[in-house]
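The next block holds one structure in the form of C-alpha coordinates; read it before the comments.
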Amino acid sequence: MATSGFLLYLLSASSIAILSALYLSSPSFSPSSSFVLSDSLSTDKIWPDLELSWRLVVATVIGFLGSACGTVGGVGGGGIFVPMLTLIIGFDTKSAAAISKCMIMGASSSSVWYNLRVAHPTKDVPIIDHDLALLFQPMLMLGITVGVSLSVVFPYWLITVLIIILFIGTSSRSFFKGIEMWKEETILKKEFAKQSETFVNSRGELLIDVEYDPLIPKEQKTALELMCFNLRWKRTSILLVVWISFLILQVVKNDVAVCSHWYWILFSLQFPVAFAVFGYEAKKLYKEHKKRMEAGNLEHICEASIGWTGTHLAFCALCGIVGGTVGGLLGSGGGFVLGPLLLEIGVVPQVASATATFVMMFSSSLSVVEFYLLHRFPIPFALYLTSVSVLAGFWGQFFVRKMIAILRRASLIVFVLSGVIFASAITMGIVGVSKSITMIHNHEFMGFLDFCSSQ
(Lines give C-alpha, C1' and ligand atoms only; values in the text may rest on other atoms or scores of the structure.)
Protein backbone atom coordinates (compact mmCIF):
# COMPACT_ATOMS: atom_id res chain seq x y z
CA MET A 1 0.00 0.00 0.00
CA ALA A 2 2.84 2.35 0.87
CA THR A 3 4.52 1.56 -2.44
CA SER A 4 1.33 2.41 -4.35
CA GLY A 5 1.12 5.76 -2.56
CA PHE A 6 4.75 6.49 -3.32
CA LEU A 7 4.27 5.73 -7.02
CA LEU A 8 1.12 7.88 -7.08
CA TYR A 9 3.11 10.77 -5.57
CA LEU A 10 5.85 10.45 -8.20
CA LEU A 11 3.39 10.18 -11.08
CA SER A 12 1.16 13.08 -10.05
CA ALA A 13 3.98 15.48 -9.13
CA SER A 14 5.97 14.70 -12.28
CA SER A 15 2.88 15.08 -14.47
CA ILE A 16 2.17 18.55 -13.06
CA ALA A 17 5.78 19.62 -13.69
CA ILE A 18 5.79 18.32 -17.29
CA LEU A 19 2.40 19.90 -18.05
CA SER A 20 3.78 23.22 -16.78
CA ALA A 21 6.70 22.90 -19.19
CA LEU A 22 4.30 22.12 -22.03
CA TYR A 23 2.32 25.24 -21.18
CA LEU A 24 5.48 27.33 -21.27
CA SER A 25 6.27 25.77 -24.64
CA SER A 26 2.94 26.89 -26.09
CA PRO A 27 2.92 29.55 -28.85
CA SER A 28 2.23 32.35 -26.38
CA PHE A 29 5.47 31.44 -24.58
CA SER A 30 7.57 30.50 -27.60
CA PRO A 31 10.95 32.16 -28.15
CA SER A 32 10.55 35.63 -29.58
CA SER A 33 12.23 38.96 -29.37
CA SER A 34 11.48 39.06 -25.65
CA PHE A 35 12.91 35.58 -24.97
CA VAL A 36 16.39 34.25 -25.64
CA LEU A 37 17.68 30.73 -25.55
CA SER A 38 19.51 29.73 -22.41
CA ASP A 39 23.26 29.99 -22.43
CA SER A 40 23.24 26.66 -20.63
CA LEU A 41 23.33 25.15 -24.08
CA SER A 42 26.70 26.71 -24.72
CA THR A 43 29.48 24.27 -25.50
CA ASP A 44 32.20 26.51 -24.04
CA LYS A 45 34.44 24.52 -21.71
CA ILE A 46 35.51 25.96 -18.38
CA TRP A 47 38.43 23.91 -17.05
CA PRO A 48 40.19 25.43 -14.02
CA ASP A 49 43.83 24.48 -13.47
CA LEU A 50 44.70 21.81 -10.92
CA GLU A 51 46.57 23.75 -8.26
CA LEU A 52 46.61 23.77 -4.49
CA SER A 53 43.99 26.16 -3.10
CA TRP A 54 41.18 26.26 -0.57
CA ARG A 55 38.76 25.30 -3.36
CA LEU A 56 40.69 22.12 -4.09
CA VAL A 57 40.89 21.24 -0.38
CA VAL A 58 37.14 21.73 0.12
CA ALA A 59 36.37 19.77 -3.06
CA THR A 60 38.65 16.94 -1.88
CA VAL A 61 36.89 16.71 1.49
CA ILE A 62 33.42 16.83 -0.06
CA GLY A 63 34.44 14.37 -2.76
CA PHE A 64 35.86 11.94 -0.20
CA LEU A 65 32.81 12.06 2.08
CA GLY A 66 30.39 11.99 -0.84
CA SER A 67 32.10 8.98 -2.41
CA ALA A 68 32.36 7.11 0.88
CA CYS A 69 28.71 7.63 1.80
CA GLY A 70 27.47 7.29 -1.78
CA THR A 71 29.03 3.89 -2.36
CA VAL A 72 27.96 2.59 1.05
CA GLY A 73 24.38 3.53 0.22
CA GLY A 74 24.75 2.25 -3.35
CA VAL A 75 23.73 5.58 -4.91
CA GLY A 76 27.06 6.89 -6.25
CA GLY A 77 26.89 10.52 -5.14
CA GLY A 78 26.49 12.36 -8.44
CA GLY A 79 23.92 14.69 -6.89
CA ILE A 80 26.66 15.99 -4.60
CA PHE A 81 29.58 15.93 -7.04
CA VAL A 82 28.03 18.00 -9.85
CA PRO A 83 27.11 21.02 -7.64
CA MET A 84 30.49 20.77 -5.89
CA LEU A 85 32.38 20.84 -9.19
CA THR A 86 30.38 23.75 -10.60
CA LEU A 87 30.05 25.95 -7.51
CA ILE A 88 33.38 25.33 -5.75
CA ILE A 89 35.84 24.37 -8.50
CA GLY A 90 34.16 26.34 -11.28
CA PHE A 91 33.66 23.75 -14.03
CA ASP A 92 30.94 24.15 -16.64
CA THR A 93 27.93 21.86 -16.20
CA LYS A 94 28.84 19.34 -18.92
CA SER A 95 32.43 18.97 -17.72
CA ALA A 96 31.22 18.64 -14.13
CA ALA A 97 28.86 15.83 -15.12
CA ALA A 98 31.70 14.05 -16.93
CA ILE A 99 34.10 14.31 -13.96
CA SER A 100 31.26 13.21 -11.68
CA LYS A 101 31.05 9.99 -13.71
CA CYS A 102 34.80 9.50 -13.23
CA MET A 103 34.41 9.84 -9.47
CA ILE A 104 31.47 7.43 -9.39
CA MET A 105 33.44 4.92 -11.45
CA GLY A 106 36.41 5.13 -9.10
CA ALA A 107 34.35 4.82 -5.92
CA SER A 108 32.16 2.00 -7.23
CA SER A 109 35.17 0.06 -8.57
CA SER A 110 36.98 0.15 -5.24
CA SER A 111 33.74 -0.76 -3.43
CA VAL A 112 33.26 -3.75 -5.71
CA TRP A 113 36.86 -4.80 -5.03
CA TYR A 114 36.16 -4.60 -1.28
CA ASN A 115 32.79 -6.37 -1.48
CA LEU A 116 34.25 -9.25 -3.50
CA ARG A 117 36.27 -10.15 -0.41
CA VAL A 118 33.26 -10.03 1.94
CA ALA A 119 30.93 -12.94 2.71
CA HIS A 120 27.15 -12.77 2.48
CA PRO A 121 25.68 -11.68 5.85
CA THR A 122 23.25 -14.60 6.26
CA LYS A 123 23.69 -17.21 3.50
CA ASP A 124 26.39 -19.17 1.72
CA VAL A 125 25.83 -17.30 -1.56
CA PRO A 126 27.67 -14.42 -3.29
CA ILE A 127 27.14 -11.01 -1.73
CA ILE A 128 26.59 -9.58 -5.23
CA ASP A 129 23.30 -10.77 -6.68
CA HIS A 130 24.22 -11.38 -10.32
CA ASP A 131 20.62 -12.21 -11.25
CA LEU A 132 19.45 -8.75 -10.19
CA ALA A 133 22.51 -7.14 -11.76
CA LEU A 134 21.76 -8.82 -15.07
CA LEU A 135 18.11 -7.81 -14.78
CA PHE A 136 18.72 -4.11 -14.09
CA GLN A 137 21.98 -3.24 -15.84
CA PRO A 138 20.67 -3.29 -19.45
CA MET A 139 17.65 -1.15 -18.54
CA LEU A 140 19.83 1.22 -16.54
CA MET A 141 22.26 1.75 -19.43
CA LEU A 142 19.38 2.22 -21.87
CA GLY A 143 17.85 4.78 -19.53
CA ILE A 144 21.14 6.68 -19.31
CA THR A 145 21.23 7.17 -23.09
CA VAL A 146 17.60 8.32 -23.02
CA GLY A 147 18.35 10.69 -20.14
CA VAL A 148 21.28 12.26 -21.96
CA SER A 149 19.00 12.93 -24.94
CA LEU A 150 16.24 14.35 -22.74
CA SER A 151 18.73 16.67 -21.03
CA VAL A 152 19.02 18.49 -24.36
CA VAL A 153 15.25 18.89 -24.73
CA PHE A 154 14.09 19.44 -21.15
CA PRO A 155 14.39 22.97 -19.70
CA TYR A 156 16.80 23.25 -16.81
CA TRP A 157 14.11 24.18 -14.29
CA LEU A 158 12.08 21.08 -15.19
CA ILE A 159 15.08 18.79 -14.69
CA THR A 160 15.61 20.41 -11.29
CA VAL A 161 11.96 19.97 -10.26
CA LEU A 162 11.81 16.35 -11.40
CA ILE A 163 15.04 15.50 -9.58
CA ILE A 164 13.81 17.16 -6.37
CA ILE A 165 10.49 15.30 -6.60
CA LEU A 166 12.24 11.97 -7.10
CA PHE A 167 14.97 12.53 -4.51
CA ILE A 168 12.62 13.75 -1.79
CA GLY A 169 10.34 10.78 -2.43
CA THR A 170 13.07 8.13 -2.48
CA SER A 171 14.95 9.58 0.49
CA SER A 172 11.76 9.73 2.57
CA ARG A 173 10.78 6.22 1.57
CA SER A 174 14.27 4.90 2.38
CA PHE A 175 14.30 6.74 5.72
CA PHE A 176 11.04 5.14 6.85
CA LYS A 177 12.32 1.79 5.57
CA GLY A 178 15.40 2.29 7.74
CA ILE A 179 13.24 3.05 10.79
CA GLU A 180 11.30 -0.17 10.23
CA MET A 181 14.52 -2.14 9.96
CA TRP A 182 15.92 -0.45 13.08
CA LYS A 183 12.85 -1.52 15.07
CA GLU A 184 13.09 -5.08 13.75
CA GLU A 185 16.79 -5.21 14.63
CA THR A 186 16.01 -3.97 18.14
CA ILE A 187 13.54 -6.81 18.62
CA LEU A 188 16.03 -9.36 17.26
CA LYS A 189 18.78 -8.05 19.54
CA LYS A 190 16.50 -8.43 22.57
CA GLU A 191 15.55 -11.96 21.55
CA PHE A 192 19.20 -12.80 20.95
CA ALA A 193 20.11 -11.47 24.40
CA LYS A 194 17.46 -13.69 25.97
CA GLN A 195 18.52 -16.75 23.97
CA SER A 196 22.18 -16.16 24.84
CA GLU A 197 21.50 -16.30 28.57
CA THR A 198 22.62 -19.49 30.25
CA PHE A 199 19.96 -21.67 31.78
CA VAL A 200 19.80 -25.06 33.51
CA ASN A 201 17.96 -28.11 32.19
CA SER A 202 16.19 -30.79 34.25
CA ARG A 203 19.50 -32.59 34.87
CA GLY A 204 21.22 -29.49 36.22
CA GLU A 205 23.38 -29.00 33.12
CA LEU A 206 24.23 -25.51 31.90
CA LEU A 207 22.93 -24.79 28.40
CA ILE A 208 23.61 -21.90 26.02
CA ASP A 209 21.46 -21.28 22.97
CA VAL A 210 23.62 -19.91 20.16
CA GLU A 211 21.44 -20.76 17.16
CA TYR A 212 20.63 -17.15 16.31
CA ASP A 213 23.04 -15.70 13.75
CA PRO A 214 22.96 -11.88 13.48
CA LEU A 215 23.33 -10.00 10.20
CA ILE A 216 27.10 -9.65 10.38
CA PRO A 217 29.48 -10.64 7.54
CA LYS A 218 31.38 -13.81 8.48
CA GLU A 219 34.92 -14.35 7.24
CA GLN A 220 34.97 -18.15 6.85
CA LYS A 221 36.93 -18.29 3.58
CA THR A 222 40.19 -16.66 2.59
CA ALA A 223 40.06 -13.42 0.62
CA LEU A 224 40.99 -15.20 -2.61
CA GLU A 225 38.37 -17.90 -2.07
CA LEU A 226 35.72 -15.27 -1.39
CA MET A 227 36.62 -13.34 -4.54
CA CYS A 228 36.30 -16.46 -6.69
CA PHE A 229 33.07 -17.39 -4.92
CA ASN A 230 31.46 -13.92 -5.17
CA LEU A 231 32.28 -13.45 -8.85
CA ARG A 232 30.11 -15.36 -11.32
CA TRP A 233 32.14 -15.35 -14.53
CA LYS A 234 29.35 -16.39 -16.89
CA ARG A 235 26.97 -13.63 -15.82
CA THR A 236 29.78 -11.10 -15.56
CA SER A 237 30.75 -11.97 -19.14
CA ILE A 238 27.19 -11.22 -20.29
CA LEU A 239 27.36 -7.86 -18.52
CA LEU A 240 30.64 -7.14 -20.30
CA VAL A 241 29.07 -7.99 -23.67
CA VAL A 242 26.24 -5.53 -22.96
CA TRP A 243 28.80 -2.91 -21.90
CA ILE A 244 30.84 -3.34 -25.07
CA SER A 245 27.72 -3.31 -27.27
CA PHE A 246 26.51 -0.03 -25.80
CA LEU A 247 29.98 1.48 -26.03
CA ILE A 248 30.31 0.65 -29.73
CA LEU A 249 26.86 2.06 -30.50
CA GLN A 250 27.60 5.25 -28.56
CA VAL A 251 31.00 5.80 -30.15
CA VAL A 252 29.69 5.27 -33.67
CA LYS A 253 26.60 7.41 -32.97
CA ASN A 254 28.76 10.31 -31.85
CA ASP A 255 30.48 10.33 -35.25
CA VAL A 256 27.31 10.72 -37.32
CA ALA A 257 25.20 13.81 -37.88
CA VAL A 258 22.57 14.45 -35.24
CA CYS A 259 19.02 13.52 -36.35
CA SER A 260 20.29 11.85 -39.52
CA HIS A 261 18.92 8.46 -40.54
CA TRP A 262 22.00 6.66 -39.29
CA TYR A 263 21.78 8.53 -35.97
CA TRP A 264 18.27 7.25 -35.27
CA ILE A 265 19.14 3.75 -36.49
CA LEU A 266 22.08 3.54 -34.07
CA PHE A 267 19.99 5.08 -31.28
CA SER A 268 17.22 2.52 -31.88
CA LEU A 269 19.63 -0.43 -31.88
CA GLN A 270 20.22 0.14 -28.16
CA PHE A 271 16.66 -0.96 -27.39
CA PRO A 272 16.84 -4.54 -28.78
CA VAL A 273 20.23 -5.05 -27.11
CA ALA A 274 18.88 -3.98 -23.71
CA PHE A 275 15.55 -5.78 -23.99
CA ALA A 276 17.18 -8.99 -25.27
CA VAL A 277 19.39 -9.32 -22.17
CA PHE A 278 16.59 -8.18 -19.85
CA GLY A 279 14.20 -10.67 -21.51
CA TYR A 280 16.72 -13.48 -21.10
CA GLU A 281 17.05 -12.90 -17.36
CA ALA A 282 13.35 -12.09 -16.87
CA LYS A 283 12.31 -15.32 -18.61
CA LYS A 284 14.68 -17.30 -16.41
CA LEU A 285 13.32 -15.73 -13.20
CA TYR A 286 9.70 -16.08 -14.32
CA LYS A 287 10.03 -19.78 -15.21
CA GLU A 288 11.91 -20.58 -12.01
CA HIS A 289 9.33 -18.72 -9.91
CA LYS A 290 6.44 -20.52 -11.62
CA LYS A 291 8.15 -23.88 -11.22
CA ARG A 292 8.72 -23.34 -7.51
CA MET A 293 5.15 -22.14 -6.92
CA GLU A 294 3.77 -25.26 -8.61
CA ALA A 295 6.00 -27.44 -6.45
CA GLY A 296 5.00 -25.56 -3.29
CA ASN A 297 8.54 -24.31 -2.75
CA LEU A 298 8.38 -20.83 -1.17
CA GLU A 299 12.15 -20.27 -1.21
CA HIS A 300 13.19 -17.07 -2.97
CA ILE A 301 15.02 -17.43 -6.29
CA CYS A 302 17.42 -14.56 -5.64
CA GLU A 303 17.90 -11.97 -2.91
CA ALA A 304 14.61 -10.20 -3.69
CA SER A 305 11.64 -11.37 -1.64
CA ILE A 306 9.03 -10.60 -4.31
CA GLY A 307 7.42 -13.09 -6.67
CA TRP A 308 8.74 -12.78 -10.21
CA THR A 309 5.42 -12.31 -11.95
CA GLY A 310 4.97 -10.47 -15.25
CA THR A 311 3.79 -7.36 -13.42
CA HIS A 312 6.79 -7.27 -11.10
CA LEU A 313 9.22 -7.83 -13.97
CA ALA A 314 7.64 -5.00 -15.97
CA PHE A 315 7.86 -2.77 -12.90
CA CYS A 316 11.58 -3.57 -12.52
CA ALA A 317 12.17 -2.78 -16.19
CA LEU A 318 10.42 0.57 -15.81
CA CYS A 319 12.36 1.43 -12.65
CA GLY A 320 15.63 0.52 -14.37
CA ILE A 321 14.88 2.85 -17.28
CA VAL A 322 13.76 5.63 -14.91
CA GLY A 323 16.91 5.22 -12.81
CA GLY A 324 19.10 5.40 -15.88
CA THR A 325 17.19 8.40 -17.21
CA VAL A 326 17.78 10.25 -13.93
CA GLY A 327 21.45 9.31 -14.19
CA GLY A 328 21.59 10.71 -17.72
CA LEU A 329 19.85 13.94 -16.73
CA LEU A 330 21.93 14.44 -13.60
CA GLY A 331 25.31 12.96 -14.48
CA SER A 332 25.06 10.27 -11.80
CA GLY A 333 25.22 6.50 -12.11
CA GLY A 334 21.52 5.80 -11.70
CA GLY A 335 21.93 4.45 -8.18
CA PHE A 336 19.52 7.03 -6.76
CA VAL A 337 16.71 4.79 -8.00
CA LEU A 338 18.40 1.38 -8.04
CA GLY A 339 19.59 1.49 -4.41
CA PRO A 340 16.16 2.27 -2.88
CA LEU A 341 14.48 -0.12 -5.34
CA LEU A 342 16.59 -3.08 -4.23
CA LEU A 343 15.65 -2.36 -0.62
CA GLU A 344 12.01 -2.03 -1.62
CA ILE A 345 11.90 -5.51 -3.17
CA GLY A 346 13.35 -7.09 -0.04
CA VAL A 347 17.11 -7.23 -0.61
CA VAL A 348 19.12 -6.98 2.61
CA PRO A 349 21.13 -3.71 2.85
CA GLN A 350 24.59 -5.28 2.49
CA VAL A 351 23.62 -7.11 -0.70
CA ALA A 352 21.67 -4.12 -2.03
CA SER A 353 24.73 -1.89 -1.59
CA ALA A 354 27.11 -4.43 -3.16
CA THR A 355 24.81 -5.14 -6.12
CA ALA A 356 24.02 -1.47 -6.80
CA THR A 357 27.69 -0.47 -6.82
CA PHE A 358 28.48 -3.45 -9.07
CA VAL A 359 25.90 -2.27 -11.62
CA MET A 360 27.04 1.37 -11.30
CA MET A 361 30.61 0.34 -12.06
CA PHE A 362 29.49 -0.76 -15.53
CA SER A 363 27.19 2.18 -16.26
CA SER A 364 29.57 4.87 -15.03
CA SER A 365 32.63 3.37 -16.76
CA LEU A 366 30.71 3.35 -20.05
CA SER A 367 30.07 7.07 -19.70
CA VAL A 368 33.69 7.73 -18.71
CA VAL A 369 35.05 6.03 -21.83
CA GLU A 370 32.57 7.91 -24.00
CA PHE A 371 33.37 11.26 -22.36
CA TYR A 372 37.10 10.57 -22.73
CA LEU A 373 36.71 9.99 -26.47
CA LEU A 374 34.72 13.23 -26.69
CA HIS A 375 37.36 15.16 -24.65
CA ARG A 376 34.74 16.24 -22.11
CA PHE A 377 37.00 16.47 -19.04
CA PRO A 378 40.59 17.49 -18.18
CA ILE A 379 42.71 14.41 -17.48
CA PRO A 380 44.70 15.75 -14.46
CA PHE A 381 41.61 16.84 -12.53
CA ALA A 382 39.76 13.65 -13.40
CA LEU A 383 42.66 11.45 -12.29
CA TYR A 384 43.04 13.35 -9.00
CA LEU A 385 39.37 13.25 -8.02
CA THR A 386 39.02 9.65 -9.21
CA SER A 387 41.93 8.69 -6.94
CA VAL A 388 40.22 10.42 -4.03
CA SER A 389 37.02 8.50 -4.79
CA VAL A 390 38.85 5.18 -5.03
CA LEU A 391 40.24 5.64 -1.52
CA ALA A 392 36.89 6.90 -0.22
CA GLY A 393 34.95 3.97 -1.67
CA PHE A 394 37.24 1.42 -0.02
CA TRP A 395 37.46 3.06 3.39
CA GLY A 396 33.77 3.93 3.40
CA GLN A 397 32.88 0.26 2.98
CA PHE A 398 35.47 -0.76 5.59
CA PHE A 399 34.23 1.72 8.20
CA VAL A 400 30.53 0.98 7.77
CA ARG A 401 31.09 -2.79 7.80
CA LYS A 402 32.93 -2.40 11.11
CA MET A 403 30.11 -0.26 12.49
CA ILE A 404 27.55 -2.88 11.45
CA ALA A 405 29.62 -5.59 13.12
CA ILE A 406 29.86 -3.57 16.34
CA LEU A 407 26.29 -2.27 16.51
CA ARG A 408 24.69 -5.25 14.73
CA ARG A 409 22.49 -2.94 12.72
CA ALA A 410 22.48 -3.27 8.93
CA SER A 411 19.93 -0.45 8.84
CA LEU A 412 22.88 1.97 9.04
CA ILE A 413 23.33 1.43 5.28
CA VAL A 414 19.71 2.47 4.67
CA PHE A 415 20.11 5.66 6.71
CA VAL A 416 23.31 6.53 4.84
CA LEU A 417 21.51 5.97 1.54
CA SER A 418 18.61 8.18 2.62
CA GLY A 419 20.96 10.91 3.83
CA VAL A 420 22.96 11.01 0.59
CA ILE A 421 19.81 11.25 -1.54
CA PHE A 422 18.37 13.99 0.67
CA ALA A 423 21.65 15.95 0.59
CA SER A 424 21.65 15.61 -3.20
CA ALA A 425 18.10 16.97 -3.35
CA ILE A 426 19.17 20.03 -1.34
CA THR A 427 22.34 20.75 -3.32
CA MET A 428 20.72 20.17 -6.70
CA GLY A 429 17.71 22.20 -5.59
CA ILE A 430 19.82 25.18 -4.54
CA VAL A 431 21.82 25.15 -7.77
CA GLY A 432 18.75 24.59 -9.92
CA VAL A 433 16.62 27.28 -8.30
CA SER A 434 19.46 29.80 -8.46
CA LYS A 435 20.07 29.09 -12.13
CA SER A 436 16.35 29.16 -12.95
CA ILE A 437 15.96 32.56 -11.28
CA THR A 438 18.84 33.86 -13.36
CA MET A 439 17.18 32.53 -16.51
CA ILE A 440 13.93 34.27 -15.61
CA HIS A 441 15.71 37.59 -15.02
CA ASN A 442 17.46 37.22 -18.39
CA HIS A 443 14.13 36.45 -20.10
CA GLU A 444 15.42 33.11 -21.29
CA PHE A 445 13.10 30.54 -22.86
CA MET A 446 11.67 28.19 -20.19
CA GLY A 447 9.89 25.60 -22.35
CA PHE A 448 10.92 22.44 -24.20
CA LEU A 449 13.68 22.83 -26.77
CA ASP A 450 14.00 21.23 -30.18
CA PHE A 451 16.28 18.19 -30.02
CA CYS A 452 17.91 18.51 -33.42
CA SER A 453 18.58 22.25 -33.31
CA SER A 454 19.84 22.15 -29.71
CA GLN A 455 22.73 19.73 -30.32
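For the pair Ile379 and Glu184, what calculated FRET efficiency results from E = 1/(1 + (r/R0)^6), where r is the Cβ-Cβ distance and R0 = 56 Å, to the nearest 0.05?
So, using R0 = 56 Å, E works out to roughly 0.75.
Mind checking the full-extension length gain between Lys287 and Leu50? Use 0.36 nm per residue of separation minus the Cα-Cα distance, one decimal, nm.
79.9 nm
Going by Cα centres, region 129-163 and region 433-451 are how many Å apart?
22
With all protein chains present, calculate the accessible area of Lys190 using a 1.4 Å probe and round the result to the nearest 10 Å².
130
Which net charge results for the neighbourhood of Ile179, defined as the other residues with beta-carbon distances under 15 angstrom from its beta-carbon, given Lys and Arg at +1 and Asp and Glu at -1?
Surrounding charge for Ile179 is 0.
Please tell me which of these pairs span more than 24 angstrom C-alpha to C-alpha: Lys45/Lys253; Lys101/Lys253; Lys94/Lys435; Lys221/Lys290; Lys189/Lys402?
Correct reply: Lys221/Lys290.
How much of the pair distance distribution for region 371-455 lies past 14 Å, counting alpha-carbon pairs only, in percent?
Here the tail beyond 14 Å accounts for 81 percent of pairs.
For region 262-398, what does the relative contact order come out to in percent, with C-alpha contacts under 8 Å and a separation of six or more?
For region 262-398, the relative contact order is 15 percent.
Search the structure for amide H atoms under 5 Å from the amide H of Glu444, placed 1.01 Å from N in the peptide plane, and list their residues when 5 or more places away or on another chain.
Val36
At 1.4 Å probe size, put Cys259, Cys452 in order of accessible surface, largest to smallest.
Sorted by accessible area, descending: Cys452, Cys259.
Taking the full set of protein chains and a 1.4 angstrom probe, give the accessible area of Arg55 in square angstrom, rounded to the nearest 10.
About 100 Å², rounded to the nearest 10.
Tell me, what is the 1.4 Å probe accessible area of Glu225, in Å² to the nearest 10?
100
Per residue, how much accessible surface does region 309-455 expose to a 1.4 Å probe? Answer in Å², no decimals. It would help to have the intermediate numbers written out before the result.
On the way: 5300 Å² over 147 residues.
Per residue, region 309-455 has 36 Å² of solvent-accessible surface.
Using 0.36 nm times the number of residues separating Ile88 and Asn442, minus their current alpha carbon distance, what extension gain do you get?
125.1 nm
Would you tally the net charge around Met403, using a Cβ to Cβ cut-off of less than 14 Å, leaving Met403 out, and scoring K and R as +1, D and E as -1?
+3
³J(HN,Hα) across region 249-255 via Karplus (A = 6.51, B = -1.76, C = 1.60, θ = phi - 60°), whole Hz, x for Gly/Pro?
Along region 249-255, the couplings run 4, 5, 5, 5, 5, 5, 9 Hz.
Can you tally the net charge around Ser418? Count Lys and Arg as +1, Asp and Glu as -1, for every other residue whose Cβ sits under 11 Å from the Cβ of Ser418.
That sum, taken over residues with Cβ under 11 Å, equals +2.
Using a 1.4 angstrom probe on the protein heavy atoms only, line up Ile164, Ile248, Ile104 by accessible area, largest first.
On the way: Ile164 50, Ile248 100, Ile104 0 Å².
The ordering from most to least exposed comes out as Ile248, Ile164, Ile104.
Quick check: pseudo-label points 7 Å beyond the Cα along Cα→Cβ at Lys234 and Ser15, how many nm apart are they?
4.4
Taking amide hydrogens as modeled 1.01 Å from N in the peptide plane, which residues meet the under 5 Å criterion relative to His120, leaving out close sequence neighbours?
It is Val125, Ile127, by chain and number.
Provide Rg and Dmax in Å for region 96-142, with only Cα atoms included in the calculation.
Values for region 96-142 (Cα only, Rg and Dmax): 13.4, 41 Å.
Could you go through region 223-230 in sequence order and give the Karplus-derived ³J(HN,Hα) for each residue, using 6.51 cos²θ - 1.76 cosθ + 1.60 with θ = phi - 60°, rounded to whole Hz, and x for Gly and Pro?
4, 5, 5, 5, 4, 5, 6, 6
The values are calculated or read from the model by the stated rules, or taken from the named source; none is laboratory data. Note that the structure is predicted; figures quoted are calculated from it, not measured. Note that we place each Cβ from the backbone using ideal geometry, even for glycine, and neighbour counts take in every protein chain shown. The accessibility values were calculated without ligands, DNA or RNA, using every heavy atom of the protein model including side chains. Shrake-Rupley method; radii C 1.70, N 1.55, O 1.52, S 1.80 Å.
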